[in-house]
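The values are calculated or read from the model by the stated rules, or taken from the named source; none is laboratory data. Note that this is a predicted model, so its numbers are computed, not measured. Backbone-built Cβ (ideal geometry, glycine too); neighbour counts: all protein chains shown.
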Amino acid sequence: MNKTSNIVAERLHNQKLSSTEFEKPAEVVRWMGAVQAQEFHAAKWALALRMRAATTAGIQEAFDRGEILRTHVMRPTWHFVTPEDIRWLLELTAPRVNVMSGSGYRRFEIDEAVCKKVRRVFTKALQGGKHLTRAELKAALNRAGIDANNSIRMGHILLRAELDRLVCSGPMRGKQFTYALFEERVPAATPIDPDEALARLTLRYFMSHGPATLQDFAWWSGLTTAGARRGIALAGAQLTTHKIGAYWSGSNPSDFRAAGGRAHLLPQYDEYNVAYKHRGLVVPPGTTEWNQLGPGVIVNGIIVGSWTASVDHRSVLIEVTPSRLLKQTERRAIANAADRYGAYFKLPVRVAYGLK
């Protein structure tokens, strides 16, 4: 393999796509540090891809039990995190996310006085183990004289409440998400030093996402470039450097062998694509931004097309739109990947191809 292929193969290994030892969703989330999850069902499949075996129902049950949580952390978007990591992650990254969200707070007049009122309302509404939907929290705010009718303002209120460790995800109620009081949902933990938190996040990223660059880490974490550089310095000897540009990794390339000929059906915003500022190593020239971050078919770590799935109570239909002509060996690999998706739903699966 050439040097670029080595980096791609090592990423597949570190991302737990070419091999994995994980049995539980929380093990995946802990290893990755955080998993982007604004598209909830896509993010569940992202976890399943990195487990030995998983079903949508099993991951849903783990979420409802609070073994994995969904909240705003790092960049201003939802991520899955574990209960044992959520406190130090928010302590480290929430100030930066609040700065990034400042224009929205100012636009909708969400100042400290409003936040104090929100804290009182949410605490009263949720205490005692109650889990309420966004609509129910909106109604509670309106009854207290806090205007929550504008959906964007309500979104910013909830964002700030998550960053302030007031609320986090509760169990789903049917198809609706609920919120829980943070202190009732998250176990107590001993605070850690900011430098230890930064070193821990840095090492988690490069262990699970490396080889990657400083700019990749800054993008993924939402840290400033200076903060990301300091994280690398704090991680120190635990990171190894590669000779292609300035790639860093927490793994030893000699610890694994590349698994050739495998395909994966990546969900929208999978960590394999979204976690890097520069995606040229795995994205062929001319690939659209949607096909970079949308549901992508990869073979040997390189995007070869997009896919959609139709699921009903009887079967799964996967429609693949390749970006180039595929070899028969690649189609067989995609069929194997599709079988895994069918097993995730415990349903038979069929694959159809679009043009190319």
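Taking Gln36 as the residue in question, decide whether it is closer than 20 Å to Pro95 by Cα and at pLDDT 95 or above. Yes. Restricted to segment 306-331, and to residues there that are among the polar types (S, T, N, Q) and over 20 Å from Gly294 (Cβ atoms), the residue that is surrounded by the fewest Cβ atoms within 10 Å (Cβ to Cβ) is Gln328. Within segment 94-113, being among the β-branched types (Val, Ile, Thr) and either outside the structural domain of Cys168 (by TED's automatic domain parsing) or out of contact with any helix residue (DSSP H, G or I) (no Cβ under 8 Å at 6 or more places or on another chain) (or both) holds for one residue alone: Val99.
Taken as a whole, the condition of being at pLDDT 95 or above and within 23 Å of Met74 (Cβ to Cβ) does not apply to Arg143.
Taking the condition among the aliphatic types (A, V, I, L, M), out of contact with any strand residue (DSSP E or B) (no Cβ under 6 Å at 6 or more places or on another chain) and surrounded by 17 or more Cβ atoms within 10 Å (Cβ to Cβ), does Val114 pass? It is true that Val114 is among the aliphatic types (A, V, I, L, M), out of contact with any strand residue (DSSP E or B) (no Cβ under 6 Å at 6 or more places or on another chain) and surrounded by 17 or more Cβ atoms within 10 Å (Cβ to Cβ). Of all the listed residues (Leu317, Leu281), the sole one being in a loop (DSSP other than H, G, I, E, B) and either farther than 16 Å from Trp45 by Cα or modelled with pLDDT of 95 or more (or both) is Leu281.
Filtering segment 190-213 to residues that are within 17 Å of Thr93 (Cα to Cα) and of a type in the set (A, V, I, L, M) leaves Ile192, Ala197, Leu198, Ala199, Leu201, Leu203. Of all the numbered requirements in (1) surrounded by fewer than 21 Cβ atoms within 10 Å (Cβ to Cβ); (2) in contact (Cβ under 8 Å) with a residue 12 or more places away in the chain; (3) of a type in the set (D, E, K, R), Asp193 misses one, and that requirement is (2). Being in a strand (DSSP E or B), of a type in the set (A, V, I, L, M, F, W, C) and either surrounded by 13 or more Cβ atoms within 10 Å (Cβ to Cβ) or assigned by TED's automatic domain parsing to the domain that holds Gln60 (or both) narrows it down to one residue among Ile303, Ile334; which is it? Step by step, each of Ile303, Ile334 is checked, and only Ile303 is in a strand (DSSP E or B), of a type in the set (A, V, I, L, M, F, W, C) and either surrounded by 13 or more Cβ atoms within 10 Å (Cβ to Cβ) or assigned by TED's automatic domain parsing to the domain that holds Gln60 (or both). Within the option set His72, His131, His79, being within 25 Å of Thr225 (Cβ to Cβ), modelled with pLDDT of 95 or more and out of contact with any Asp or Glu (no Cβ under 8 Å at 6 or more places or on another chain) holds for one residue only, His79.
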